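Following: one structure in structure tokens, then a few remarks.
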Amino acid sequence: MEAKMRSSLKLILGVLALVALVALVALVALVALVIPATAYNVAERDEVESLISVLRIGSPEQQMIASELLAEIGDPRAVNPLIDALKESDWRVRRDAAAALGKIGDPRAIGPLIAVLGDFETPILPSEQVQQAAAKALVEFGEPAVNPLIDAFVHKSNHVRYHTVKVLGEIGEPAIDPLIETLKSKEYGWGYRSSAAKALGEIGDARAVDPLIDALQDEYEWVRSSAATALGKIGDPGAVEPLIEALQDSHWSVRKDAAEALGKIGDARAVDPLIDALQDEYSGVRERAAEALGKFGDPRAVDPIIEFLGDNDWATRGTAAWALGRIGDTRAVEPLIEALKDEHEYVRLMAARALGWIGDDRAVESLAYVAVNGPDYKTRSEAASALEKIQAGR
């Protein structure tokens, strides 16, 4: 039965494709008859010109087919019409035009494709498929797209800035030296340097480590913050000591990102400095420090993290519970049982999960009660799951 259904589906799709092709051929023939010739006689209009005409006046479905065919042909005459199609009202046409321009590979399309990284179907809903098609097309360009993408680091659109970093990360090797030059040069504004640091983190090449360490001393906190994040993504142990120093930075965002980066690198030299960071005045720094210590799994952090189950910030309390679960020390069992009564759902959820990870029988009674009587579905479900883990480990 299933094979028969698949066969029928293939037949239906084949018929639909044939109908679309027949419609396109008919439209091409009509265009050849009704559009007056300029430089050529109507009879001499070739396939590319006919497809360009379909791209300009056809239905969205026909325009999409025309874009695909023009991409396969690869004629440079199609570039400007496809660039114009990036402004069509139907997002599917814009998506397929972007994809076609990437396959043709003409550098005239780079600037318009960068603009399309900020494509919006409505003022509040980004047309993500169009953005993704433009990003993929720019990756296909490779090195020729690098400098125009760097120039777009300060574009007014947040979506353009975000995607330029991602695209440069995917382009990789050809982008490394220009990005390092951008990061190091004071001729560029802080927005350029910050985005360059982010892109180098996406690429992950060790050649960027020293320039990124230097950028931890940049005069602008957002450059320092981006450099810390990038060093965490690259994961080079040579960045540990500079990141430990960054835990004392004057701006909370740099301290927060330095703590997170140290957690990703996982070098034991960071344990004591991260324990000290649990005393930071900003909750975001405390939260990231607790999270990093949870990843280390070092028992020295247990007692300091237990104290943060009473923090004023619910996110910090929840992260502390998670961290205690990852460390797995039984000293945390009683405090985590108490955290099952926390006023915030996220803290209760993390406490239940942590108790399941630790697997201590002392938590069974409390978890059983919460699994039935907990104030919200997620906590009840997590408590039940934790009970199953403890029982399975007996």
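Please report the base-10 log of the normalised intensity I(q)/I(0) for segment 304-394, using a Debye sum with one equal scatterer per alpha carbon and no solvent, at each q in 0.11, 0.22, 0.23 (1/Å).
At q = 0.11, 0.22, 0.23 Å⁻¹ the computed log10 ratios are -0.23, -0.96, -1.05.
Using the structure shown, list the pairs from 233/378; 184/233; 136/198; 103/166; 103/233; 295/378 with a Cα-Cα distance above 21 Å, or answer none.
Values: 233/378 32 Å; 184/233 19 Å; 136/198 19 Å; 103/166 19 Å; 103/233 31 Å; 295/378 24 Å.
Those over the limit are 233/378; 103/233; 295/378.
Please determine, in degrees from 0 to 90 and to the nearest 10, the orientation of helix 377-392 with respect to the longest principal axis defined by the Cα atoms of the chain, where the helix direction is its Cα long axis.
So the helix axis and the longest Cα principal axis differ by about 70 degrees.
Before rounding to the nearest 500, sum -39500 (n - 2.57) across all DSSP H runs of length at least 4 in the chain and divide by the residue total; then give [θ] at 222 nm in deg cm²/dmol. Can you show the working numbers first?
Values: 23 runs with 276 residues, N = 394.
My calculation for the chain gives -21500 deg cm²/dmol from helical runs alone.
Over segment 304-394, calculate the relative contact order: mean separation of alpha carbon pairs under 8 Å at least 6 apart, over the residue count, as a percent. Intermediate values should be presented prior to the final figure.
Working: 143 pairs, mean separation 22.9, N = 91.
Result for segment 304-394 is 25 percent.
Quick check for me: using +1 on Lys/Arg Cβ and -1 on Asp/Glu Cβ, what's the dipole size of the chain about its Cα centre, in debye to the nearest 20? Don't skip to the end; give the middle numbers.
Numbers: 42 positive and 62 negative charges, 222 e Å.
It comes to approximately 1060 debye.
Once amide H atoms are placed 1.01 Å from N in the peptide plane, what residues at a sequence separation of 5 or more from residue 120, or on another chain, have their amide H within under 5 Å of its amide H?
127
Identify which of the listed values of Kirkwood radius over Cα pairs in Å was calculated from the structure shown: (1) 22.7; (2) 25.0; (3) 21.8.
Of the listed options (1) 22.7; (2) 25.0; (3) 21.8, (2) comes from this structure.
Report the longest stretch of the chain that contains none of the chymotrypsin sites (Phe, Trp or Tyr not before Pro) sitting in a DSSP loop with at most 16 other Cβ atoms within 10 Å. Please report the intermediate quantities before stating the final value.
Details: sites that count: 40, 220, 282.
Longest site-free region, per DSSP loop and neighbour criteria: 41-219.
Output the relative contact order of the chain, whole-number percent, from Cα pairs under 8 angstrom with separation of 6+ residues. Intermediate results must be reported in sequence, preceding the final value.
Numbers: 640 pairs, mean separation 24.5, N = 394.
Relative contact order, the chain: 6 percent.
When the dipole is taken about the Cα centre of segment 304-394, and only Lys, Arg (+1) and Asp, Glu (-1) are charged at their Cβ, what size is it in debye, to the nearest 20?
That gives segment 304-394 a dipole magnitude of about 300 debye.
Hey, what angle do you get for helix 2-34 against the long axis of the chain, alpha-carbon based, 0 to 90 degrees rounded to 10?
Once rounded, the angle reads 50 degrees.
All of the numbers you see were taken from the coordinates with simple rules; none came from a lab. None of the values given here were measured: they were computed from a predicted structure. A quick note on method: Cβ atoms are made from the backbone with ideal geometry, for glycine too, and the neighbour counts reach across all protein chains shown.
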